[in-house]
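Down below is the structure, laid out as structure tokens.
Computed from the coordinates by the stated procedures, all read-outs in this text should not be read as laboratory data. All of these numbers come straight from a predicted model, not from anything done at the bench. No Cβ is skipped: glycine too gets one built from the backbone with ideal geometry, and neighbour counts run over all protein chains shown.
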Amino acid sequence: MIEELEAGAEAGADALGPAALLASIKASRSIENTEAARQLDLAARWADLHPPESIHTAASFAVAGCEHEEPIAGPGTPLVAEFCVTELGAVLGITSVSAKKLIGHALELRHRLPRLWSQVHAGRVPVWRARAVAEVTIHSTPALTREAAAFVDAQVAAVAAKIGPAQLDRLVAETIKRYDLATADPAADPVDGYLHLDPRHVTIHDQDVHFAGTVRLEAEVDLADGLDLHQALAHRAATLKALGSQESLDARRAKALGDLARTQTALDLFQHGHTNSSDEGQDLPVAREVVLHAHVDATLSGDTTIFGPTGRLEEGQRLLLLEQLRSWCGDSHTKVTVKPVIDLNQPKAAPGYAIPDRIREHVALRDRVCVFPWCARPARGCDIDHVTEHDHDADAEGRPQPGPTHTDNLAALCRFHHRLKTHTAWRYRMTAPGIFEWASPHGHRYRRDRDGTTALDPPEAGPDPPRIPSPRR
């Protein structure tokens with residue numbers, strides 16, 4: 001039936017003329033904006049259902065790791081129960097961090113930017129623009145008071161549909177000055193002692209790795225530093241060309257930027273191109289100290305190891321080409337460590353509660369990331385959790401251990417989701433090595449495996465489940 005409807009829709013679209021097709025696209029965008037605004041309102045209502053009072057019960061005391069109240073928007077917005085973001089994120093198919101940001105933007109707009117909130121729901125401003133404003137007012141340094149945020153709201157309301165990042169930054173800077181939110185420092189600004197908003201930053205988008213093994217970098221630096229950097233890159237690019245590099249100017253400038261961090265690559269190229277002595281350069285320190293975990297399939301052919309053309313890079317969970325790995329390892333006296341292959345099909349166990357490094361490594365390689373639905377935090381930075389809780393008294397009392405330290409009972413969970421599993425009604429089980437099924441407090445179910453997260457049959461609408469009170473000391 002669904003395929004027939006889709007085929008019918010496609011046939012209808014094919015029958016439309018240019019004007020009708022443009023009108024249909026415009027109507028579709030209008031529906032999209034309306035639903036995005038509705039989703040923003042529902043996110044704020046979800047926060048309303050989870051105030052701090054929903055966490056604590058009478059005569060209970062906070063225990064380390066338990067849920068706490070958290071401000072996720074600017075001053076003057078209501079606090080929310082920390083763990084409420086997870087179920088919203090799960091049903092939307094986004095991470096807990098993204099769900100937290102969605103709720104924070106909704107509360108910021110509703111409580112501190114009401115004019116913009118009204119324009120969003122009137123269809124005059126798209127949600128993504130309003131959220132961009134909310135993101136800036138939430139994270140302004142110094143923090144905007146409620147009065148200062150109201151001033152930004154009043155100024156933005158008239159131009160919200162077309163304001164850009166630069167204009168918004170200038171407006172926030174003016175607001176900080178108008179409301180005297182920054183500490184005056186005559187030395188920093190001899191005119192009026194105002195500390196302006198500092199836009200300097202260097203951002204490396206290491207989670208967005210290109211197929212060619214490159215990442216995007218953006219920066220905002222002082223003018224003098226920028227000119228110095230430009231001169232240094234031009235000089236190093238020219239040096240690389242003089243030393244025999246056949247790469248383009250852009251590629252040489254990009255490599256020169258890496259040289260500034262390593263300080264060694266240009267010298268290596270000179271030595272390799274102008275001397276045959278194997279002893280020269282042996283005393284030079286290792287220039288590159290970045291740690292990467294690369295996994296490449298290999299087969300044995302007699303005494304020869306044959307590597308496959310592709311592999312996997314743990315950092316960023318990206319495809320890795322063998323040629324890229326060879327170029328990195330052959331550059332700048334890079335130190336290479338080869339570890340023995342771990343058979344993930346061979347389960348491992350240890351007595352007691354502590355998790356040995358060999359088992360921790362096994363779990364990290366198997367799970368790759370935190371196994372909570374949609375979470376993508378690398379497993380190497382996660383806690384290793386006993387899926388079925390370890391009973392510390394079982395051995396002493398002569399009872400079978402329900403939660404052994406065994407790879408079939410261990411999973412990688414980031415600290416936030418580890419706390420969530422321990423202190424809330426979220427539950428999960430391992431159905432096969434590396435495959436997990438989760439159940440949320442409201443009955444939603446998810447399967448998490450090496451390919452990602454799959455939402456299982458949704459629950460029937462029914463009464464809300466009781467909240468688990470905070471444990472007592």
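Annotations for the structure displayed:
- Ranked 359, 306, 103, criterion: other C-beta atoms within 10 Å, fewest first: 306, 359, 103
- Model label points for residue 118 and residue 38, set 7 angstrom from Cα along the Cα-to-Cβ axis, are 2.3 nm apart.
- Peptide ranges 215-222, 440-447 listed from the most packed, as the mean C-beta count within 10 angstrom indicates: 440-447, 215-222
- Long pairs among 100/177; 26/100; 100/162; 101/348, criterion Cα-Cα beyond 28 Å: 100/177; 26/100; 101/348
- Sorted peptide list for 150-160, 229-239, 82-92, criterion being average Cβ within 10 angstrom, highest first: 82-92, 150-160, 229-239
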